[in-house]
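No lab work stands behind these numbers, since they all come straight from the coordinates. Bear in mind the structure is a predicted one, so any value in this text is a computation, not a measurement.
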Amino acid sequence: MSLYQVQKFLYNLNRDEKLQSIFHEDKHSVLSSYDLSAEEYSALDDGDIGLLYVLGVNGQILMHYAAYLHIEWFDYLQLMRDGVVKHGSVRAGIYAMAGDSVEFTSAYALADSGEPE
């Protein structure tokens, strides 16, 4: 996995309006200039916030990509939770999860429901 390349692309996209314009018009030419795995390429191409989170993308970088995609804050948070349910534990980076991702998502479900843990 090339987490560095994913985060480098997102960092550049977040800071460069010209790159944003090019990416909007031709995602594939921009993404092909980075050394990405097929899974990473697909996640960026599809705007799959949940998978990008599970791949280990830093939340400070990822939230700007979500904003670029016009995803509201609370939807962004939910997409990350949904990503863990769909794709499993965060695999790399500072958010990597130890243990069972079911425990992580269950804690959020309980917190959202107001039930005691």
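Worth a mention:
- Region 1-84, relative contact order in percent, only Cα pairs under 8 angstrom and at least six apart counted: 33 percent
- For region 3-113, taking the reciprocal of the average inverse distance between every pair of different Cα atoms yields a Kirkwood hydrodynamic radius of 14.4 Å.
- For residue 8, the lysines whose Cα falls under 23 Å of its own Cα, not counting residues fewer than eight places away in the same chain, are 18, 27.
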